[in-house]
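Notes follow once the structure below has been shown.
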Amino acid sequence: STASNTEANVKYALNQSVPSIFYQLGTVNDADPLNIYINNPDLQHSLTHNLSARFSRFWNSTLRNLVVNASYSHTDRAVAQAHFYDRNTGVSTWIPHNIDGNWNANGSVQFTQPFGKNRAFQMQSTTGISFIHSVDYATDSEMLERNVVDNLRLSEQFSLSYRTGKHSFGIRAGLS
């Protein structure tokens, strides 16, 4: 038997999305005079690039396992609802537009280790990080303004279990 099993892979995918047909109709919905929706027949297709990588190693002698994941996604020409607000009249006008700059990245490391007599105990730790860069339109004037929101999330999940016969007992804690 081999001392360990190792796997590694990298994947890339390109996805194209067609904007909703309702956004592309050349119509105006002003049924609510304070919220006017104008469609945009000039919307382009969105393109999303996805890249992911995974590495795993399993040690046969100790039953230890390590898994590392990472991914990145970037969208060109995403559809955003541009919002114009007129302070004088209180009227909001909504128009779908394409926008560039949305992306996100994340990664995680998971480690599993059995221990104790007959390896009855098992410890597992998963550490994660994700970052989301969201771009949209928002304004209180007649000019389109880009609105950028960044979200960073760090997480840790830890579990400990005990196996006896056909039964298993455990405790899990997480922090994010």
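The values are calculated or read from the model by the stated rules, or taken from the named source; none is laboratory data. Not measured: the values here are computed from a predicted model. When we count neighbours, we look across all protein chains shown, and the Cβ atoms used for this are built from the backbone with ideal geometry, even at glycine. Heads up: the accessible areas ignore ligands, DNA and RNA and are worked out on the full protein's heavy atoms, side chains in. Shrake-Rupley method; radii C 1.70, N 1.55, O 1.52, S 1.80 Å.
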Kindly provide the set of residues from segment 19-34 that are surrounded by 14 or more Cβ atoms within 10 Å (Cβ to Cβ) and either in a strand (DSSP E or B) or in contact (Cβ under 8 Å) with a residue 24 or more places away in the chain (or both), ordered by number.
-> P19, Y23
Pick from segment 65-84 the residues that are open to solvent by 30 Å² or more (accessible area, probe 1.4 Å) and polar (S, T, N, Q): which of them is farthest from the chain's Cα centre (by Cα)?
-> N65
Starting from residues that are among the aliphatic types (A, V, I, L, M) and touching a Gly at 6+ places or on another chain (Cβ under 6 Å), keep the ones in segment 124-159 and report whichever is most open to solvent (accessible area, probe 1.4 Å).
-> I129
Test for A173: is it farther than 30 Å from V91 by Cβ, open to solvent by less than 70 Å² (accessible area, probe 1.4 Å) and not hydroxyl-bearing (S, T, Y) | yes
Screening A53, A80 for residues that are closer than 23 Å to V135 by Cα, out of contact with any Leu (no Cβ under 8 Å at 6 or more places or on another chain) and assigned to a strand (DSSP E or B) leaves only A80
For segment 131-165, how many residues meet the condition of being within 20 Å of D100 (Cα to Cα), in a strand (DSSP E or B) and not aliphatic (A, V, I, L, M)?
-> 9
Can you tell me which residue among V109, V135 is hydrophobic (A, V, I, L, M, F, W, C) and farther than 30 Å from Q16 by Cβ?
-> V109
Candidate set: segment 101-149, residues that are more than 18 Å from the chain's Cα centre (by Cα) and among the charged types (D, E, K, R); chosen: the one nearest to N69 (Cα to Cα) | R119
Quick one: is S61 under 30 Å from K117 (Cα atoms), small (G, A, S) and open to solvent by 70 Å² or more (accessible area, probe 1.4 Å)?
-> yes
In segment 40-49, what residues are in contact with a Leu (Cβ under 9 Å, 6 or more places away or on another chain) and open to solvent by 50 Å² or more (accessible area, probe 1.4 Å)?
-> P41, H49
